[in-house]
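Let me begin by presenting the structure, written as structure tokens, before commenting on it.
Please treat every number below as a calculation from the coordinates, not as lab data. A quick note: this is a predicted structure, and the numbers were derived from the prediction, not measured.
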Amino acid sequence: MNNEQDLEKHPECPFCGSRDTEQESAFGSEISKSQYYCHGCNTMFERLKYDGKSPDDGR
């Protein structure tokens, strides 16, 4: 697994900076967010889903 895939699978916790995180739910408070759980500080956080590509604007 390369570093970019690791960042996607285990994003950094915005509260403590730990990478000991796991995806809790594919959907958060909005369809564009995923929920993660941090084992470092036992906190839930959300992360925007973004694949790095520009969205199709239909033009």
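The phi-based Karplus calculation (6.51 cos²θ - 1.76 cosθ + 1.60; θ = phi - 60°) puts the 3J(HN,Hα) values of the stretch 36-48 at 10, 10, 9, 7, x, 10, 6, 10, 8, 8, 10, 9, 5 Hz, whole numbers, x for Gly and Pro.
The H on the amide N of GLU24, modeled in the peptide plane, is under 5 Å from the matching H of GLN35, TYR36, TYR37, each at least 5 residues off or on a different chain.
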